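The block underneath contains the structure these notes are about, expressed in structure tokens.
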Amino acid sequence: MPGSHDWRTRAASQITQQLPDNTAGPLAVRDAAVRHIWPKAEYERALDLINRGYDKLIVAQIIGRTLEELSNKLYYEQMVESERQQRRERINELRTRALSRTPDAPRKNYRIAARAAEYAPAIVFEERTARQAAEYRDLTSEFFGDPRPGYSQLDRRGRA
């Protein structure tokens, strides 16, 4: 089990006094691109600092990682191998799903094409064929897509 858990009870002011001389300047948590790969030496240094009593936030700043990355790494290293395998399988499944949604890769079609003929009542199709059978008033109304005679709102106002 890496590290002691007494860092929760220790005040930050006690820990900042213990910082080595090479980190006396302002400590900045990097906000650059996230690095996922942990070199063995970096993880061992983090463990050593935690075992020596440093706060996790300060350790993360010293090694140039975020607190979340450090916490995740410590959690991962304490996992049982079966849990790690389950986690790898979930991550790989998410990756394959993500790859299937990119423009470069073929997309999986989870939806079935709508079958309007099966769900729409027959009267809908009859009205559509009647509307399409009606002739346009003139060439301009056909060109601009005006409704056919009897199907505009002005024509229907008199019927309702």
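The values are calculated or read from the model by the stated rules, or taken from the named source; none is laboratory data. Computed from a predicted structure; not experimentally measured. With ideal geometry, Cβ positions are generated from the backbone for all residues, glycine too; neighbour counts draw on all protein chains shown. Quick note on the areas: whole protein, heavy atoms, side chains included, nothing else; ligands and nucleic acids left out. Shrake-Rupley method; radii C 1.70, N 1.55, O 1.52, S 1.80 Å.
Could you count how many residues in the range 42-59 are hydroxyl-bearing (Ser, Thr, Tyr) and closer than 14 Å to Lys73 by Cβ? Residues meeting the conditions: 1. Taking residues in the range 36-53 that are farther than 19 Å from Thr66 by Cβ, and partners anywhere that are of a type in the set (Ser, Thr, Tyr) and open to solvent by 70 Å² or more (accessible area, probe 1.4 Å), not one pair has Cβ atoms closer than 7 Å while being at least 6 places apart or on different chains.
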